[in-house]
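Have a look at the structure below before the remarks.
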Amino acid sequence: MLRHTPTWHEQELAHEAHPSLRPVVNATGVILHTNLGRAPLAEEALAAMIRVGPGYSNLEFDLEDGVRGSRYLHARDLLLRLTGAEDALVVNNAAGALVLALAALAGGKGVAVSRGELVEIGGGFRLPEILAASRARLLEVGTTNRTRAADYREGAPDGALLKVHRSNFRMTGFTEEASLSELVTLGRELGLPVIHDLGSGLLLEPARLGLPPEPRPHDALVAGVDLVLFSGDKLLGGPQAGILLGRADAVAAARRHPLCRALRVDGMTLAALEATLALYLDPVRAVERIPTLRMLAASVEEVRGRAEALVDRLTRGGAGFPMAVAELDGRVGGGTFPEHTVPSAGLRIPDPEGALAARLRAADPPVVGRLDGGSLVLDLRTVLPADEPAVERGLSAAWEGRGR
Ligand SMILES: *Cc1c(COP(=O)(O)O)cnc(C)c1O
């Protein structure tokens, strides 16, 4: 029998229908879900990517003088304006920003880090390995739970002092750490730069988003660090990027380093970042327009209202699941605020075998919830309003296809 060999065009069509990378609906309640692409972008950011993406742009062209320009100038002015930094540099991600900062300021030299800050952050970011990759020598100082400024001095660093935000864990009990200002004082005395890996990059006051106290890039700059670095796609709510801020000479050293070329950021990312940062010029607008911030700021009543309305629509549509609107504990995610829960609400549907969860993951677009004690939980806080109909369709189809 002759088998039909698919033509290129047929293969292309099949792939178009089922590409490997696809949008999904995040109903996990984890706002910055690293496995689901972290921060969803603001419409303004998306529009900027579409404007700049398809054709040529002035990525590295100075339109005024008609000569070669620098890609690193595009989001720079906004970053300086929003944080008060002397200079700023955007690279591919925060891990890259840290490698670059260490290589540029302390390559081949000893960098003192507290034993309490030798973190591992999801997806293979282990601080000792990052240091090794940047060719800086790790000098562990202090102890797991207590590190004082004097310990940094005793480590005899000749490259830099590095302070790392613990991000995904907390220490309680008998703990002590050197403050950034203490490290800045010590760094000046020893003639060494102070680098701060801040991680999440929250630009607004945490209380505005219902979050516990959290240092911001601006605070690190006021404390006098030479460089502070953070992610673009954590609490900033922008595209994947690593942002370095700080003293002009330190940023210039990073910009000159050959690794900067290897870690360089692309034009569409810069477009999205610039558009996201522009929203921060008005903090009220930032919370309204940046999905990460809007999700954090939404009241539990609002989220519960959306869950109730969804259950209503499903019931009227004939879906007979034993659904209940449940009070849930959401998470900020992205390795931030490990002990902070975000009161939330959503649907809880018995699903002892996880069959419904699997069916929803196979829907188009896939809907990803979480299994909790024999039930499927769909948290509405992280479902973008535009995605609600997809959740409704997925559940209705699952009801109609039950048992099959
Ligand atoms: C998340 C995080 C990083 C890594 O950021 P990416 O943008 O994912 O590379 C580095 N350091 C700290 C402290 C973090 O929290």
Notebook entry, point to check: Of all the residues that make up the stretch 244-283, how many are surrounded by fewer than 24 Cβ atoms within 10 Å (Cβ to Cβ), β-branched (Val, Ile, Thr) and in contact with a helix residue (DSSP H, G or I) (Cβ under 7 Å, 6 or more places away or on another chain)?
Noted result: 0
Notebook entry, point to check: Taking the stretch 58-73 as the region of interest, how many residues are under 25 Å from Ala85 (Cβ atoms), in a loop (DSSP other than H, G, I, E, B) and open to solvent by less than 50 Å² (accessible area, probe 1.4 Å)?
Noted result: 3
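Being of a type in the set (D, E, K, R) and open to solvent by less than 70 Å² (accessible area, probe 1.4 Å) is the filter here, so list the residues in the stretch 127-163 that pass it.
Applying the first criterion (of a type in the set (D, E, K, R)) to the stretch 127-163 yields 129, 135, 137, 140, 146, 148, 151, 153-154, 158, 163.
Within the stretch 127-163, Asp151, Lys163 qualify.
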Check: If Gly201 passes every condition in (1) away from the ligand (no atom under 16 Å from the Cβ); (2) touching a Ser or Thr at 6+ places or on another chain (Cβ under 6 Å) but one, which one does it miss?
Finding: (1)
Next item on the list: With the condition kept exactly as written, say whether any residue in the stretch 181-201 is of a type outside the set (Gly, Ala, Ser), out of contact with any helix residue (DSSP H, G or I) (no Cβ under 7 Å at 6 or more places or on another chain) and closer than 24 Å to Leu32 by Cα.
Entry: no
Margin query: Which residue is most open to solvent (accessible area, probe 1.4 Å), if the candidates are limited to the stretch 340-375 and must be among the charged types (D, E, K, R) and not in a strand (DSSP E or B)?
Written below: Glu353
Next item on the list: Tally the residues that are open to solvent by less than 30 Å² (accessible area, probe 1.4 Å) and within 12 Å of the ligand (Cβ to nearest atom), restricting the search to the stretch 221-243.
Entry: 14
Notebook entry, point to check: Within the stretch 81-114, how many residues are aliphatic (A, V, I, L, M), within 14 Å of the ligand (Cβ to nearest atom), touching a Gly at 6+ places or on another chain (Cβ under 6 Å) and assigned to a helix (DSSP H, G or I)?
Noted result: 2
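Filter the stretch 1-40 for residues that are assigned to a helix (DSSP H, G or I) and touching a residue at least 40 places away in the same chain (Cβ under 8 Å); which is most open to solvent (accessible area, probe 1.4 Å)?
To start, the set of residues in the stretch 1-40 that are assigned to a helix (DSSP H, G or I) comprises 8-17, 34-36.
Subset that is touching a residue at least 40 places away in the same chain (Cβ under 8 Å): 34, 36.
On the way: Thr34: 75, Leu36: 56 Å².
My answer is Thr34.
The values are calculated or read from the model by the stated rules, or taken from the named source; none is laboratory data. Quick caveat, the model's predicted, so the values are computed rather than measured. Virtual Cβ from ideal backbone geometry, glycine too; neighbours counted across all protein chains shown. Only protein heavy atoms, including side chains, enter the accessible area calculation; ligands, DNA and RNA are left aside. Shrake-Rupley method; radii C 1.70, N 1.55, O 1.52, S 1.80 Å.
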